[in-house]
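Worksheet: the structure to be examined is printed underneath.
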Amino acid sequence: MKTNFSETKKLFNLPEGIIYLDGNSLGPLPKTAAQKVTQMMESEWGEMLITGWNNAGWMHQPVSVGDRVARLIGAEPGHVVVGDTLSIKVYQALASALEMRPDRRVILSDSGNFPSDLYMAEGLIKSLNAGHELRVVAPEDIAENITDEVAVTLITEVDYRTGRRHDMGKLTAKAHAVGALTVWDLAHSAGAFEVDLMGCGADFAVGCTYKYLNGGPGSPGFIYVAPRHVEHTRPALSGWLGHAAPFAFEPSYAAGDGIERMRVGTPSVIAMASLEAALDIWDRVEMTDLRERSIELSTLFIETVEKNCPMLKLASPRDPAGRGSQVSFHFEHGYAVMQALISRGVIGDFRAPDIMRFGFTPLYLDDDDVLAGCEILTEVMQGKLWDRVEFKIKARVT
Ligand SMILES: *Cc1c(COP(=O)(O)O)cnc(C)c1O
């Protein structure tokens, strides 16, 4: 193992007394982020004003930052662009893919997908008004449903509730064998383990940067288009910054070169600064090391919880190869348990109807954190400390 995880841990702002097991939903603050954002504001925005678009490289950032993300997901350099939100990127990828399969009408997804992906597909189908169908099957049935009716598969590699991981290589090969295209959502993959888009032959991929990548709340999404396709894709969201010559201000749209065509409008330069601070940390990380540590941490958690809290039922695959970097347990009063944990400084989250989720992120978690979290969970479960009214009131974000 080459990555020094006790060093990366020191690079995050981790509040005293908190065990943070929710980096799968929102990564913590890199210590240099505030300074990077301040520097961007004062030295770039403050001093350079509009010249920052050229002189500070703001206009190029969606592609230069995209390259830094590309390394983490096994993509070819120059084929990832950062911007907008993941939901927008899902729409773009899906729209372009559908257009490349004009004779087919089925978008195939599974019931483990995150609702926003399915909602975006529904919205696109309505706008196209061309008889497309969103076919949603159980995750375990996805392979057998990849038939020659399918234009594109829209699959999130790791299930946001259970952590169950699809086999990207196998499903992509199956899709290609029947002439379908693939859109892979890497929301819970990027920064969770090594992803090999190139090796799997993925067609399109999308993701976000505020979960495992630690870019900050609302940091931008990303999109990948395979080099063999990119010049044949027509961007559905044809904004001016995806134009071949944005500053020619031509009256009609012409798609830009390569992945640049997937840009839409003005990038969020302030958000990009905090994302760059996070990517500085990722530059020190080997993804194979990360995966090894992630499996050690999540396995330790499962073993300890099952020994001490038999009333919790594992919702995630037991085989580490079959899951991402989160572990979930079913419990009828999971929401109240999670609130009780949070009140004691152990932060995970809850997903309806009964799932407690815990994310394992080697960049800033070690065995001691996992064991300390387990100890508090054990106290809460064995003492039924969750059984209080104040822990049962649902907040807006769970
Ligand atoms: C987190 C997540 C989203 C969220 O999309 P945003 O547009 O960034 O809010 C979408 N899809 C999946 C699979 C997710 O896990």
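Take Leu154 and tell me if it is of a type outside the set (Gly, Ala, Ser) and within 12 Å of the ligand (Cβ to nearest atom). Reasoning before the result, please.
Details: of a type outside the set (Gly, Ala, Ser): yes; within 12 Å of the ligand (Cβ to nearest atom): yes.
Yes: the conditions hold for Leu154.
For segment 282-305, name all the residues that are in contact with a strand residue (DSSP E or B) (Cβ under 7 Å, 6 or more places away or on another chain) and either outside the structural domain of Asp366 (by TED's automatic domain parsing) or of a type in the set (Ser, Thr, Tyr) (or both).
Passing the criteria: only Ser298.
Take the residues in segment 212-257 that are within 16 Å of the ligand (Cβ to nearest atom) and among the aromatic types (Phe, Trp, Tyr); name whichever of them is farthest from Thr361 (Cα to Cα).
Checked segment 212-257; the qualifying residue farthest from Thr361 (Cα to Cα) is Tyr224.
Would a scan of segment 60-70 turn up a residue that is more than 15 Å from the ligand (Cβ to nearest atom), closer than 23 Å to Ala202 by Cβ, part of a helix (DSSP H, G or I) and of a type in the set (Val, Ile, Thr)?
Keep residues of segment 60-70 that are more than 15 Å from the ligand (Cβ to nearest atom), which gives 60-68, 70.
Filter again for closer than 23 Å to Ala202 by Cβ, leaving 62-68, 70.
Adding the requirement that they be part of a helix (DSSP H, G or I) leaves 62-68, 70.
Pick out the ones that are also of a type in the set (Val, Ile, Thr) and you get 63, 65.
For segment 60-70, residues more than 15 Å from the ligand (Cβ to nearest atom), closer than 23 Å to Ala202 by Cβ, part of a helix (DSSP H, G or I) and of a type in the set (Val, Ile, Thr): present.
Determine whether Glu303 is touching a Gly at 6+ places or on another chain (Cβ under 9 Å) and surrounded by fewer than 14 Cβ atoms within 10 Å (Cβ to Cβ).
Details: touching a Gly at 6+ places or on another chain (Cβ under 9 Å): no; surrounded by fewer than 14 Cβ atoms within 10 Å (Cβ to Cβ): yes.
So Glu303 does not fit the description; no.
Tell me whether segment 359-366 contains one or more residues that are buried (at least 23 other Cβ atoms within 10 Å of the Cβ) and among the hydroxyl-bearing types (Ser, Thr, Tyr).
yes
Kindly check whether there is at least one residue in segment 22-29 that is within 16 Å of Asp280 (Cβ to Cβ) and away from the ligand (no atom under 16 Å from the Cβ).
Of segment 22-29, the ones within 16 Å of Asp280 (Cβ to Cβ) are 27-29.
From what's left, away from the ligand (no atom under 16 Å from the Cβ): 28-29.
Yes, that holds for at least one residue.
So if I check each of Gly23, Gly27, which one is within 17 Å of Leu297 (Cβ to Cβ), buried (at least 18 other Cβ atoms within 10 Å of the Cβ) and in contact with a Ser or Thr (Cβ under 6 Å, 6 or more places away or on another chain)?
Unique residue meeting the criteria: Gly23.
Select, from Arg291, Arg263, the only residue that is crowded, with 21+ Cβ neighbours inside 10 Å and touching a residue at least 60 places away in the same chain (Cβ under 8 Å). Give the steps one after another, and end with the answer.
On the way: Arg291 fails: crowded, with 21+ Cβ neighbours inside 10 Å.
Just a single option satisfies the conditions, and that option is Arg263.
Within segment 171-186, which residues are buried (at least 24 other Cβ atoms within 10 Å of the Cβ) and within 16 Å of the ligand (Cβ to nearest atom)?
Thr182, Val183, Trp184, Asp185, Leu186
For segment 134-178, which positions are touching a His at 6+ places or on another chain (Cβ under 9 Å) and of a type outside the set (Gly, Ala, Ser)?
Pro139, Ile142, Ile155, Thr156, Glu157, Val158, Asp159, Tyr160, Arg165 - these are the residues of segment 134-178 that are touching a His at 6+ places or on another chain (Cβ under 9 Å) and of a type outside the set (Gly, Ala, Ser).
Taking Met356, is it open to solvent by less than 50 Å² (accessible area, probe 1.4 Å), assigned to a strand (DSSP E or B) and not basic (Lys, Arg)? If you could, list the steps in order and put the result at the bottom.
Details: open to solvent by less than 50 Å² (accessible area, probe 1.4 Å): yes; assigned to a strand (DSSP E or B): yes; not basic (Lys, Arg): yes.
Here the answer is yes, as Met356 does meet what is asked.
Restricting attention to segment 108-126, which residues are within 15 Å of the ligand (Cβ to nearest atom) and either acidic (Asp, Glu) or closer than 19 Å to Gly179 by Cα (or both)? Before the answer, list the steps.
So in segment 108-126, the residues within 15 Å of the ligand (Cβ to nearest atom) come out as 109-124.
Ser109, Asp110, Asp117, Glu122, listed by residue number.
What is the residue count in segment 78-91 for residues that are in contact with a helix residue (DSSP H, G or I) (Cβ under 7 Å, 6 or more places away or on another chain) and either on the phi > 0 side of the Ramachandran plot or away from the ligand (no atom under 12 Å from the Cβ) (or both)? Reasoning before the result, please.
Filtering segment 78-91 down to residues in contact with a helix residue (DSSP H, G or I) (Cβ under 7 Å, 6 or more places away or on another chain) leaves 78-83, 87, 90-91.
Right, trim to either on the phi > 0 side of the Ramachandran plot or away from the ligand (no atom under 12 Å from the Cβ) (or both) and you get 78-83.
The total comes to 6.
Among the strands (runs of 3 or more DSSP E) contained in segment 104-190, which hold 2 or more residues that are among the polar types (S, T, N, Q)?
Values: elements: 106-110, 133-137, 150-156, 181-185.
The qualifying strands (runs of 3 or more DSSP E) are 150-156.
Taking segment 268-288, which residues are part of a loop (DSSP other than H, G, I, E, B) and open to solvent by less than 20 Å² (accessible area, probe 1.4 Å)? Full working, then the answer.
So the first thing to find is which residues in segment 268-288 are part of a loop (DSSP other than H, G, I, E, B), and the list is 268, 283-286.
Result: Val285, single match.
Would you check which residues across segment 77-103 are in a helix (DSSP H, G or I) and among the basic types (Lys, Arg) and list them?
Lys89
For Gly74, work out the one condition from (1) part of a helix (DSSP H, G or I); (2) open to solvent by less than 70 Å² (accessible area, probe 1.4 Å); (3) under 24 Å from Thr8 (Cβ atoms) it doesn't fulfil.
Result: Gly74 fails condition (1) only.
State all residues of segment 128-169 that are charged (D, E, K, R) and either within 15 Å of the chain's Cα centre (by Cα) or buried (at least 23 other Cβ atoms within 10 Å of the Cβ) (or both); if no residue qualifies, say none. Don't jump to the end; show me each part of the working.
Our first condition is that a residue be charged (D, E, K, R); within segment 128-169, this holds for 133, 135, 140-141, 144, 148-149, 157, 159, 161, 164-165, 167.
Matches in segment 128-169: Glu157, Asp159, Arg161, Arg164, Arg165.
Among Val69, Val63, which is the only one that is under 27 Å from Leu14 (Cα atoms) and in contact with a strand residue (DSSP E or B) (Cβ under 9 Å, 6 or more places away or on another chain)?
Testing whether each residue is under 27 Å from Leu14 (Cα atoms) and in contact with a strand residue (DSSP E or B) (Cβ under 9 Å, 6 or more places away or on another chain) leaves just Val69.
Looking at segment 61-109, which of the residues that are more than 16 Å from the chain's Cα centre (by Cα) and basic (Lys, Arg) is nearest to Asp196 (Cα to Cα)?
Arg101
Applying the selection to segment 186-210, what residues are among the charged types (D, E, K, R) and farther than 21 Å from Gln92 by Cα?
Of segment 186-210, the ones among the charged types (D, E, K, R) are 194, 196, 203.
Of everything in segment 186-210, those that are among the charged types (D, E, K, R) and farther than 21 Å from Gln92 by Cα turn out to be Glu194, Asp196.
The values are calculated or read from the model by the stated rules, or taken from the named source; none is laboratory data. What you are looking at is a predicted structure, and each value in this text was computed from that prediction instead of being measured. Glycine also receives a Cβ, built like all others from the backbone with ideal geometry; neighbour counts cover every protein chain displayed. Protein only, heavy atoms only, side chains kept; ligands, DNA and RNA dropped before computing areas. Shrake-Rupley method; radii C 1.70, N 1.55, O 1.52, S 1.80 Å.
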